[in-house]
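*Asks:* Here it is, the structure in full.
Laboratory data are not the source of any read-out in this text; all were calculated from the coordinates shown. Source: prediction; values computed, not measured. Reconstructed Cβ throughout: ideal geometry from the backbone, glycine too, with neighbour counts over all protein chains shown.
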Amino acid sequence: MAPFARNRLLWGTVSCTFFLAVNSLYSSSDDVIELTPTNFNREVIQSDSLWLIEFYAPWCGHCQRLTPEWKKAATALKGVVKMGAVDADKHQSLGGQYGVKGFPTIKIFGANKNKAEDYQGGRTSEAIVDGALSALRSLVKDRLSGRGGGYSSGKQSGQDSGGSGRKDVIDLTDDTFDKNVLNSDDVWLVEFYAPWCGHCKNLEPEWASAASEVKEQTKGKVKLAAVDATVNQALASRYGIRWISYHQDLPESEKTLVDYDGGRTRVDIVVVALICFQRMHPPPELLEIISEGCL
């Protein structure tokens, strides 16, 4: 019996060593943030960002196949939506807290971080990105209507009623554009309009309302402006009299103009503005944690 018992002990040791070698599907070099009971509350619950979080087990074949897609989606959404991963086999208490019964389970943590939603979309990187942007749009709509969390919603009634007017839209001219926009560290969304244009008149209240909302949510770091293209013809000619989103988060030699192709409602404009704002702030540096005992 002794040799048999010794063989069983040796096999148990080899099995344990192999398990540790595949203990994590992600590393600090990925754009996926690894979450544990130690940092989950700080990173997710106390965050104003939208999170997509995968609860996985390292030995799960479905999880292993999802990993490269999850990484690709995280890279594509970097600075826009946070992507996390929890080893729910190792941190069973965290998985149990959110009702994880199988792997992989994907949860969306939106406005109400204490009530996560199940992700029901596909498992390709494209489907994950689409699902994330759809959730982001819903989050912004909730905030605009005063139902969302994270940002102040007590000032929405004035904007909804049109009481804010154009007070937060910055009027730009041939003489002031370069000084205000090109020499700024902020992000600018600039409308080129004609006073007689019907489409411009329809947009004006949406643009004004979005300007107030964006100013509050980004603390003035994203600005909405307007240029009368019939008066400031030199400036309009320079940019082809088009809707543009000016990204000022690049070095002087790399400043670029990007055509705005989004919708013309307040919600559409705010979503684009928030995406631009989040891209200005790179995600925090990830520290590689060797063990939970190091914290």
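*Asks:* Calculate, in nm to one decimal, what Ser27 and Met280 gain on full extension: separation in residues at 0.36 nm each, minus their alpha carbon distance. Don't skip to the end; give the middle numbers.
*Replies:* Working: separation 253, 0.36 × 253 = 91.08 nm, distance 2.41 nm.
Roughly 88.7 nm would be gained on extension.
*Asks:* If you don't mind, another one. Testing the spin-label approximation: label points 7 Å from Cα along Cα→Cβ at Asp178 and Trp196. State their distance in nm.
*Replies:* Between Asp178 and Trp196, the label points sit 3.0 nm apart.
*Asks:* While we're looking at this one, here's another question. Given labels modelled 7 Å from the Cα in the Cβ direction, how far is it in nm from Lys78 to Asp268?
*Replies:* 3.0
*Asks:* Arranged from highest to lowest average of other beta-carbon atoms within 10 Å per residue, in what order do the peptides 204-214, 117-127, 226-236, 264-274 appear?
*Replies:* Averaged packing, sorted descending, gives the order 204-214, 264-274, 226-236, 117-127.
*Asks:* Would you mind computing, in nm to one decimal, how far apart the modelled labels at Ser237 and Asp118 are, each placed 7 Å from Cα along Cα→Cβ?
*Replies:* 6.2
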